[in-house]
Amino acid sequence: MKTVDSYNFAGKKALVRVDFNVPLDKQFNITDDTRIKATIPTVMKIVNDGGSAILMSHLGRPKGGPEEKYSLKHILPALNEAFGREVKFADDCIGQSATDLAAALQPGEILLLENLRFYKEEEKGDEEFAKKLAALGDVWVNDAFGTAHRAHASTAVMGQFFTDRVAGYVMQAELDNAKKILDEAERPFTAIMGGAKISDKILIIEKLLDKVDNLIIGGGMTYTFTKAQGGKIGKSLLEADKQDLALELLKKAEEKGVKIYMPVDNVCADDFSNDANRQTVKTGEIPDGWEGLDIGPETIKLFTDVVLNSKTILWNGPMGVFEFENFATGTNAIAEAVVKATEENGAFSLIGGGDSASAVNQAGYGDRVSYVSTGGGALLEYMEGKTLPGVAALEA
């Protein structure tokens, strides 16, 4: 796989697939610019070499055509600041405006194309659409690991139209860090799996049972385990059809000698709201009409002790409804434990994208762990052993 460091972009127009699918508020202000900042090294290497960069991305999920709220023009001020120069903008990603602006682009200049998903051909992986995009540049750089598990036109299909296909710094770092976890983990190795559903994490959990010493399970999915073991969960989140699977996972872990850690107490609420009445109860004793929204203090201590005694830590998924301040205690405590294990005990810590990345960044710990992944779904699929189309296209 060619990497950015091994390629000289002098005089080249680089078509760079980035992941600028950033969250915007109602006034179109960016609320988390992690993904933009992540692309700075790749883009600056291209322009500092004497090349020019044509950036392409999706934003949100437009429904079959242009929508004002999903226009990438909203992120231009942030890009101008990030790259220290005025970024040009094409109000289309193919067509005359894109062709003309790309053709006129000078070394050191940057052009942003309009949202790729304004064309349904992007998600369909349409070859003709990919060919039109490819015609805008000389070299294809894929730096969008977060969409590498999709066989879309810009993330995989267009690779076939280039002799030079290059992995950007984000792509390279994501793959290097994932490989470090999968193949070179120092022991004890602890995986922390949170989030709402067992069904989202079943494959990664099964894969990790062959790798880890400890598996910590938190978040909404724990209530399915508790219910399967005969506990009371009130109106907590439940995947009723996954109870047998939950018990099967626990059995598999036992057979493989993996220690499983589950909550021993829960913070529950009488309503799904930050201002709801709260009480802490033992796991399996949530009263009717109440729902578990966070892990309790005894669980925090239990999980923290395991994390602090680990040399490799993979964390994917929050411990509770961290979007509500009153139910973010567990997630924040685990973030603190991971930071402490990293800084004081020399552990290698990988935060696996999505909600856990948001939680760590919100708490201000993003630069105090070993690596924060920008690709939730893509990272999970890579770790499950699946071939990612966006990676395969670079290796072809």
Tell me the residue from G219, G234 that is touching a residue at least 60 places away in the same chain (Cβ under 8 Å) and on the phi > 0 side of the Ramachandran plot, please.
G219
Criterion violated by Q106 - all others in (1) assigned to a loop (DSSP other than H, G, I, E, B); (2) polar (S, T, N, Q); (3) within 21 Å of the chain's Cα centre (by Cα) satisfied:
(3)
Filter the range 241-256 for residues that are free of Cβ contacts under 8 Å to residues at least 24 places away in the same chain and more than 12 Å from T222 (Cα to Cα); the one that is most open to solvent (accessible area, probe 1.4 Å) is E254
Tell me, which strands (runs of 3 or more DSSP E) wholly within the range 280-396 include 1 or more residues that are touching a Pro at 6+ places or on another chain (Cβ under 9 Å) and either surrounded by fewer than 22 Cβ atoms within 10 Å (Cβ to Cβ) or touching a residue at least 24 places away in the same chain (Cβ under 8 Å) (or both)?
291-295, 312-316
Filter result (small (G, A, S) and modelled with pLDDT under 95) within the range 336-369:
G352, G353, G354, S356, A357, S358, A359, A363, G364, G366
Tabulated pairs, the range 116-139, first crowded, with 17+ Cβ neighbours inside 10 Å, second hydroxyl-bearing (S, T, Y) and assigned to a helix (DSSP H, G or I), C-beta under 9 angstrom, 6+ apart or interchain:
R117/Y70; F118/Y70; K132/T99; L136/T99
With the condition kept exactly as written, say whether any residue in the range 70-86 is in contact with a helix residue (DSSP H, G or I) (Cβ under 7 Å, 6 or more places away or on another chain) and in a loop (DSSP other than H, G, I, E, B).
yes
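Here's the yes/no breakdown for (1) touching a residue at least 24 places away in the same chain (Cβ under 8 Å); (2) surrounded by 22 or more Cβ atoms within 10 Å (Cβ to Cβ); (3) among the polar types (S, T, N, Q):
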position: G51; (1), (2), (3): yes, yes, no
position: K73; (1), (2), (3): yes, no, no
position: P77; (1), (2), (3): no, no, no
position: C93; (1), (2), (3): yes, yes, no
The range 152-205 - residue that is basic (K, R) and either in a helix (DSSP H, G or I) or in contact with a strand residue (DSSP E or B) (Cβ under 6 Å, 6 or more places away or on another chain) (or both) and, of those, surrounded by the most Cβ atoms within 10 Å (Cβ to Cβ):
K201
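The values are calculated or read from the model by the stated rules, or taken from the named source; none is laboratory data. The structure presented is a predicted model; accordingly, all values stated were derived computationally and were not measured. Cβ sites come from the backbone with ideal geometry, for glycine too, and all protein chains shown count toward neighbours. When the accessible area is computed, the model is the full protein with side chains, heavy atoms only, and any ligands, DNA or RNA have been set aside. Shrake-Rupley method; radii C 1.70, N 1.55, O 1.52, S 1.80 Å.
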